Amino acid sequence: MKALKCLMLASAADCLVHHFPTSLSTGRFQSKLKMVAMPETIQLASDEAAKQTKVEKIKLESGALREPLRTEMQNDEIFVTQEGYQVLKFHGSYMQDHRDIRRDLIREKKDKAFSFMLRLKVPCGEVPPELHRLLDDISNDLGQGDLRATTRQAWQLHGVLKGDLSEVITRIMEVGSSTVGACGDVSRNVMTSPAPKVSKPYQYAREYAKIMAELFKPQTQAFTELWLGEDKVAKIEYWRKDIDDEKVKKDAISDNGRGIIVDHPTEPLYGSQYLPKKFKIAVTVPGDNSLDIYINDIGLVVITDEAEEELLGFNVMVGGGMGRMHNKDETFARTASHLGFVGKDDISEVCKAIIAAQRDYGNREIRSNARMKYLVHSLGIDGFRALVETYYGKPIEPWRDMVPWKYSDWMGWHEQGDGKLFLGLNVVQGRLSDTQEVSWKTCLRVLVDKYELSYVLSPTQSIVLKGI
């Protein structure tokens with residue numbers, strides 16, 4: 001991992017010395033202590049680069065997520081190489097083989113039946129009617145006939161052939177949606193409560209989930225170049241109308257001079273290698289834990305003034321994640337730790353600082369230990385807070401008291417708060433399809449077409465129809 005090259009808060013110095021003794025002994029960690037630290041720009045040493053995983057090297061050599069994917073999409077093969085596969089993930093797709101016929105093909109010594117899964121970026125899980133109609137049509141015409149909901153409030157299309165990828169992604173972009181940020185070592189789909197309530201706290205949660213989605217999307221033009229062509233521009237995504245788009249763009253590249261922004265012409269926040277692994281953010285309101293807020297890399301909880309419900313800021317938690325590998329005790333699930341409270345004017349900068357800390361000190365040598373939860377666990381929450389503060393430049397305030405958490409899957413009928421209702425419908429295993437028993441997929445299409453219904457995908461892989 002990169003050596004810490006910053007001045008830490010005195011209270012966390014012993015912790016950091018314990019976890020990074022080699023860096024300190026070689027002089028790559030400045031020993032002079034101040035209450036607020038100023039990290040220097042550091043280059044990755046050649047010996048550290050040699051230790052990095054193959055995936056890290058592929059990212060570094062991809063030309064901001066272009067190659068070898070661009071070349072491989074022009075050949076006649078029905079698959080992409082392992083290198084192309086790793087880059088393709090950043091474009092929102094995974095290559096798969098057909099599980100139902102895999103054994104027969106192996107037995108007959110034939111090639112695998114390759115197809116591709118596409119995952120959409122759907123901040124807050126909100127799906128407008130025009131997007132649903134497109135996905136329904138594409139799944140029938142160019143997919144395997146169904147739609148699959150994820151636990152991060154997004155749709156997946158399965159069974160797309162390599163030769164159809166360009167058409168599918170182009171059509172998704174042209175309707176004002178995207179697959180960018182749905183997969184890969186970047187911030188993934190940003191979640192919030194699926195309840196479409198109109199109270200101010202819920203509105204703030206949805207607004208800032210969309211802000212985070214835009215703030216941390218990759219800046220490379222590889223996506224439009226590969227799928228739309230270099231002379232075309234993607235349609236503005238539908239969720240950006242709900243946020244101050246220009247302010248978010250400025251926040252994404254604003255540099256406080258403390259090491260958050262790196263010297264890279266394309267990716268000022270992610271750099272040439274992006275993050276060590278996927279990164280998950282969720283936003284909710286006090287009491288509503290319908291999205292499992294503690295299993296995210298960053299969890300934000302809206303804090304408002306009790307009298308007027310005006311936004312004050314956010315309680316911030318860090319370092320959650322459920323993944324682990326079988327029989328590998330060095331991998332483990334972890335619930336997020338409380339980092340503290342951050343005012344509304346500083347939340348973007350603090351979240352950038354958190355991502356910068358993971359970018360610079362996350363484990364790029366062992367991919368199974370690359371998630372931020374291992375960095376938080378290694379440093380402890382006090383040490384990690386001190387590290388974040390070196391990028392942020394100010395102390396983070398103490399965590400603020402909140403009402404107890406409750407869980408609801410929001411199925412059934414509920415009031416939105418504006419005289420309208422919303423209805424949660426369970427989708428078994430998140431598979432939206434027509435069967436001999438029930439034509440779920442056709443039914444939803446009829447409802448969307450007849451009533452111009454928008455809906456929200458839930459963390460339980462189900463659907464919440466809103467505005468009824």
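Take LYS232, LYS197 and sort them by solvent-accessible surface of the protein heavy atoms, 1.4 Å probe, largest at the top.
Working: LYS232 110, LYS197 50 Å².
So, going from the largest accessible area down, we get LYS232, LYS197.
Placing unit charges on C-beta atoms (Lys and Arg positive, Asp and Glu negative, everything else neutral), compute the dipole magnitude of the chain about its Cα centre in debye, rounded to 20.
Details: 63 positive and 66 negative charges, 243 e Å.
Using Cβ point charges on Lys, Arg, Asp and Glu, the chain gives about 1160 debye.
Around LYS466, with a cut-off of 10 angstrom between Cβ atoms, what is the net charge of the other residues, counting Lys and Arg +1 and Asp and Glu -1? Spell out each step's value before the answer.
Values: positive: LYS197, LYS420; negative: GLU126.
Here the count lands on +1.
With label points built 7 Å along Cα→Cβ from the Cα atoms of LEU425 and LYS247, find their separation and express it in nm.
Spacing of the two 7 Å Cα→Cβ label points: 3.7 nm.
Take ASP164 and ALA333, extend 7 Å from each Cα along the Cα→Cβ direction, and tell me the distance between the two endpoints in nm.
3.6 nm
So how much slack lies between GLU77 and VAL438, counting 0.36 nm per residue of separation and subtracting their Cα-Cα distance, in nm? Display every interim value, and only then the final one.
Working: separation 361, 0.36 × 361 = 129.96 nm, distance 3.77 nm.
Gain on extension, GLU77 to VAL438, equals 126.2 nm.
Any idea how far the Cα center of the range 139-165 sits from the one of the range 397-446, in Å?
21 Å
Could you let me know the centre-to-centre spacing of the range 234-297 and the range 60-79, using Cα atoms, in angstrom?
That distance is 26 Å.
Ordering ARG367, ARG324, ARG400, ARG152 by accessible area with a probe of 1.4 Å, largest first, what comes out?
Numbers: ARG367 60, ARG324 135, ARG400 90, ARG152 30 Å².
Putting ARG367, ARG324, ARG400, ARG152 in descending order of accessible area: ARG324, ARG400, ARG367, ARG152.
For a quick check of understanding: with a 1.4 angstrom probe and all protein chains in place, what accessible area in square angstrom does TYR85 have, to the nearest ten?
Taking all protein chains as shown, TYR85 has close to 40 Å².
How long is the gain from MET325 to GLU452 if the chain were fully straight, where each residue apart is worth 0.36 nm and the alpha carbon distance is subtracted? Walk me through the numbers before you get to the answer.
Details: separation 127, 0.36 × 127 = 45.72 nm, distance 4.37 nm.
This chain segment gains 41.4 nm when fully extended.
What is the mean projected area of the alpha carbon convex hull for the chain, to one decimal in square nanometres? Working shown, then result.
Details: hull surface 96.5 nm².
Dividing the Cα hull surface by four gives the mean projection, 24.1 nm².
In the structure displayed, which of LYS241/LYS450; LYS51/LYS373; LYS277/LYS441; LYS197/LYS441; LYS352/LYS420; LYS200/LYS406 lie more than 29 Å apart, Cα to Cα?
LYS277/LYS441; LYS352/LYS420
Give the value in nm², to one decimal: projected area of the alpha carbon convex hull of the range 285-337, averaged over all directions.
Numbers: hull surface 16.7 nm².
For the range 285-337, the mean projected area of the Cα convex hull comes to 4.2 nm².
Could you order peptides 213-221, 280-288 by the average number of other Cβ atoms within 10 Å of their residues, highest first?
Most protected by this proxy first, the peptides run 280-288, 213-221.
The values are calculated or read from the model by the stated rules, or taken from the named source; none is laboratory data. Computed from a predicted structure; not experimentally measured. No Cβ is skipped: glycine too gets one built from the backbone with ideal geometry, and neighbour counts run over all protein chains shown. What goes into the accessible areas is simple: the full protein's heavy atoms, side chains included, and nothing from ligands, DNA or RNA. Shrake-Rupley method; radii C 1.70, N 1.55, O 1.52, S 1.80 Å.
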